[in-house]
Each structure stands twice: as structure tokens, then as C-alpha cells.
1. Label-point separation (nm) for SER152 and ILE375, each offset 7 Å from Cα along Cα-to-Cβ?
2. Please compute the net charge surrounding ALA314, taking Lys and Arg as +1 and Asp and Glu as -1 over other residues with Cβ under 12 Å from its Cβ.
3. So, by mean Cβ neighbours within 10 angstrom, what's the order for 237-248, 77-88 with the highest one leading?
4. In whole percent, what relative contact order does the range 204-362 give with Cα contacts below 8 Å and a gap of six or more residues?
5. In what sequence, highest mean first, do 366-375, 298-307 appear when ranked by Cβ atoms within 10 angstrom?
Amino acid sequence: MKRNWITGVYLAFIFSNLGYSLWYSLLPIYLRGLGFEAWQIGFVFSLLNLATSLSYLTLVSFSEIVGRGRTLIIGFGMSAAVLLVLAFIKNPFCIVALIILYSLLGGLKTPVGEATIADMGRSLGFSLSIFYLATTAASIVGSALSGYLAMSLGFSMLFIIAGVLTVFSVTFIVFTYDYSKRCSKISNQTLKRSFENIRLMLSDKTMVNFTTALIFHSLGFSIINPLVQLYAKEVLNFDEQSIGIVMAMWNMGLLLAQIPSGGLTDRFGGMAMLAAHITLSSASWIFYCLSKTWSETIFSAFILGVVGALDMPARRSVIVQLKRHIDSASIIGYIDALTNLAFILGSSLGGVLWSTLGYSMPFIVGSVVNMFALIPLITLISSRREYSSI
């Protein structure tokens, strides 16, 4: 049953990511077409990250109450409903509101799925890499098809396809989850459990330093994140289909580097790999904004993916290893929530920098801010080495 349950989780997230990448890959372009300015697009992404943070801070403990399977069913089911409604809404503000609602459901899905893989996998880094490999492969297909489908069928059809694929995700969980077992202790106080877990996490100095490093990294990345597609659209004059291919190459880099990344994490440790990821990230962001031709953009997007692949196996491995008395799903959700709060500031700041100082400045500022993440991370690495040598 354990193998069937893990397989169900894999398939659910593969189908969900395939649908998600269809519309999310072109979301900045879609919002631009609705009349949004660059700073407004940045503000929308700030709201999306605020919604995700609130979700991770509050809803993730739901899995400790009703079990991970039931939580995933609710999360995927409601997400599918939101996507299908989005296909028939034309008002820009209603569209943004529904996308925010979709983000609010994130705490019922991603941290729960990742925690399931982390807790049940044999080798932590390798198991997570396989999970990210599978979901990234789905994202490559979705990104590559997004531009073609949007141009030929319209953006609304992307939401319909994504909704149907997410319904399949619900089906996979329903037929593989073992309802005879409870994965958690029963409680009627989700918010109380959430804030108690947060208090325990913040009382751990090691976890605080680690989270601080991730916050700086997330702040830097959030400054450039919604502008990668806009750079291809407005600076390089690519059409939607070409932008979809650029995003697919980004995901291709993620795909090809996932397994090596997991192996390197198991060999050198999550802390060291995360430090390497942060350093290389700043370099890759600058490299992307220096791209002037199609071939340079494709190559730089691929490098973004390769460098990005170093992140999650290392990050999740460290999180699971540092946890104390908190469920894996909860601690992954809480740290993601705190780091996503940085996205609220970063996404808006990136849009303002783009509008006022030019297209290169968000990438430069984001790269500089990102490097500050090395300070608490190196401090943490040094303290752990001193402790191990005693």
C-alpha cells in the first residue's frame, strides 16, 4: 500500500504540474494583454505570494488533523474547480481574485506531497530529486505547449485543460490513499496547532538562521521572477510560442540536473549545495538579462534551470534533517510561507525597478540581494562544523 500511495502522489503532482505550467508560464503575458502595467503585474505576483504564505502558515497543519490523503483530495479538488471557473471569467479583477484563491490552496498540496515523499523515500536527496524530476518533466511539456495552445485555442482553453488534468490528480489520490489509517493526531484547533508549531520552529536558532538565508534568496529571486517572460516579450520581441519554448528550456535544465543534484546533496550535504546554488543563481540571472539573441536566450534559460535544480533537494533535505517535534509537511509549509513573504516585497519591487530604471536593473538588484543569503548560511555551516569537531 505504501508503494501505491507514493505512486498516487507522484501521478497527482505530475498531472497537476502539467496543467499549472500551461497557464502559469504565460501569466505575465496574459496579464499584460488584459492591460496591466509592469508594476501592476509585480503587485499581482506579490498578492499571489501573500496568499501562498497565508496558506502555508495556516492550512498546512490541516494534514496533521485529517491525514495527508484527505488534505490532497481537498486541495486538488478545489483547485480544479477554480481553474474551470477561470476559463469562463472575463473581468480582469475577478480573474486575479480567482488566481489568488488558487494560490491560497497551495498549503493543501505542495508541502503535503513533498513531506510524503521525504518521509517515505529511502534516500532523502535522491527521493526528492526523483519527485522534482517527474514534476519538472510535466512542466516542460506544459511550458512548451502553452504558447501554441494559447495562440491557437485561446488562453481560456488553457484553464479548462488545466482543470481537467487536476481532476485526474484527485482521482489518483482517491484510489491510492489508505483510508483505514490516520496519518495524524486528531485535533479541532488547526490555527492553534499552526502557531504552536511556528513558535517551536522560531525558538530554534539553527532553523532561524537557515530561514533567514532562504528569505534573502527568495527576495532576490522574486525581484526577477515575473519579469523573465516580460524580458523575452518586450526586450527581445518574442511571440507567445517562442516564450513558451524559452520557459520549456528553463524546465529542461531543471529536469536534466535534478538527479545529479540529488546525488550531490546526498554526498556533500544540503548546506553546501544550497550555498553553491545561491552563488550560481546571481551569476545566472545576470547572464540571462545580457542575452540579446534567440540562441543566447535559450542557453541562458537552460542555465537558469540547471542552477535552479540545485535548490529544492538541498533545501528540503536540510529542513527535514533540522526538524524537531514538528511534522515534515508542517515545517516545509511554514518555512515556505516565511520565504514567500519576501516575494510580496520582491515582486512589486521588480515591477517598479523595471518601469523606472530599465529592464536590466531588476536582475542586477535581485542578484545583489540574493548574495546576502550567504551570510547566515555560511555562519550556520561554520557553527555546525565547529560542533561536529568537538
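1. Distance between the two pseudo-spin positions: 5.2 nm.
2. On the way: positive: ARG267, ARG315, ARG316; negative: ASP266, ASP311.
Result for the neighbourhood of ALA314: +1.
3. Details: 237-248: 21.1, 77-88: 18.9.
Descending mean neighbour count gives 237-248, 77-88.
4. Working: 165 pairs, mean separation 61.1, N = 159.
Computed over the range 204-362, the figure is 38 percent.
5. Values: 366-375: 19.2, 298-307: 21.2.
Ranking, from highest mean packing down: 298-307, 366-375.
Values in this text are rule-based calculations from the coordinates and carry no lab data. If you're wondering where the values come from, they're calculated on a predicted model, not measured in any experiment. Glycine gets a Cβ as well: all are built from the backbone with ideal geometry, and neighbour counts include every protein chain shown.
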